[in-house]
């Protein structure tokens with residue numbers, strides 16, 4: 001017998017889905033619940049034609065609309081981040097914070113139950129979903145969950161298999177070869193000592209004795225190795241999602257990974273910002289019926305990947321393209337006269353040129369109004385490699401790229417020079433200078449002989465506004 005007077009509240013919930021005439025439908029249930037003891041009682045059940053957005057197909061998979069599918073992915077990601085055990089209230093709160101309604105979350109959870117991925121444990125008997133104690137993903141379904149979320153993570157056994165494949169490859173690309181040596185060394189350690197140690201100059205960064213950090217870094221190195229081989233660019237955030245399932249999952253290990261590689265991650269096709277196209281120039285465009293201008297912002301405009309995919313170049317005079325590696329230099333030369341010029345389009349490459357930027361340049365080239373294409377990168381080994389990478393993209397179209405201020409004479413004008421780092425020296429040793437323009441070959445030899453390198457920003461201190469404007473001839 002209750003030692004209190006029950007105070008009831010009434011609410012409506014959706015019941016579990018059932019299959020009727022080949023359609024998954026639900027019923028509306030009116031529930032009476034005591035606010036003191038939580039005791040519930042079903043008052044009425046009202047059959048409805050409410051149809052589930054998730055219906056089993058003949059192959060056993062579930063079909064869902066785009067919103068429900070995104071909600072399902074969010075539910076799985078929350079469960080993954082919470083180590084596969086989370087209370088129903090906490091799950092709903094976390095998913096709702098990402099912009100989904102309660103109804104959509106209910107649809108997503110129901111879909112996962114129908115798919116056979118989720119199990120639930122009741123806190124006590126009752127029909128209210130708010131009494132569900134926790135939700136868990138069925139253990140043997142984890143590979144399917146990781147595949148759905150795009151997570152590629154190997155355990156120790158799988159890593160050995162992947163490493164054995166890497167050791168049999170002979171990569172010519174300098175960055176891939178550097179990674180191959182690191183991974184091959186780990187393979188030998190794991191086979192001979194049954195313990196892998198990742199270290200730099202005698203300092204241990206990770207050990208297989210502590211598998212969480214070690215496996216995370218090893219999975220990251222294997223993923224980067226694949227990126228370098230395929231020249232695929234990816235953001236650091238998406239790389240973290242791919243390895244850990246969390247957007248910030250690699251942040252604690254970023255410094256250690258860069259120390260192992262001996263270079264910034266930008267040299268391995270990884271960037272820390274969205275893949276955007278920063279551009280300024282004399283062209284007009286149209287997208288979804290709206291018109292815009294390449295000089296619609298000062299000193300430049302920013303085009304997203306989606307915009308570049310849909311953009312249509314309308315009008316453009318005969319002009320040239322100048323691609324700049326450094327953001328500071330890109331902004332500064334626009335402010336020092338290039339914004340007013342109507343015969344050159346300036347584009348910021350964000351280091352290695354991305355596929356989005358290549359796509360935009362190809363759309364400009366279709367107008368047949370581009371006379372020449374120039375690139376200005378850092379006067380260092382990576383700058384030459386960035387130029388080489390960009391040139392290879394366009395040489396397939398028979399388009400030549402000309403370097404700007406990337407020669408020995410220009411480099412010697414700089415007031416500040418820095419010694420080459422380990423990654424710079426390895427790049428010089430492993431890369432070939434054949435096929436480079438004459439000026440770049442001389443600059444290459446200068447790096448080898450002097451052991452020094454420069455920075456693109458340093459040119460801003462030694463060049464006058466007139467000299468900057470004369471870098472690209474007036475048409």
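Computed from the coordinates by the stated procedures, all read-outs in this text should not be read as laboratory data. As the structure is a prediction and not an experimental result, all values here were calculated from the model. In this analysis, Cβ positions are derived from the backbone assuming ideal geometry, glycine residues included, and neighbour counts consider all displayed protein chains.
Observations
- The label-point distance for residue 467 and residue 165, in a model that sets each label 7 Å from Cα toward Cβ, rounds to 5.2 nm.
- For the range 156-271, the normalised intensity computed at q = 0.22 Å⁻¹ comes to -1.42 (log10 of I(q)/I(0), Debye sum over alpha carbons, equal scatterers, no solvent).
- Prolate/oblate/rounded call for the range 205-275, Cα gyration tensor, a/c under 1.5 rounded: prolate
- Prolate/oblate/rounded call for the range 326-437, Cα gyration tensor, a/c under 1.5 rounded: oblate
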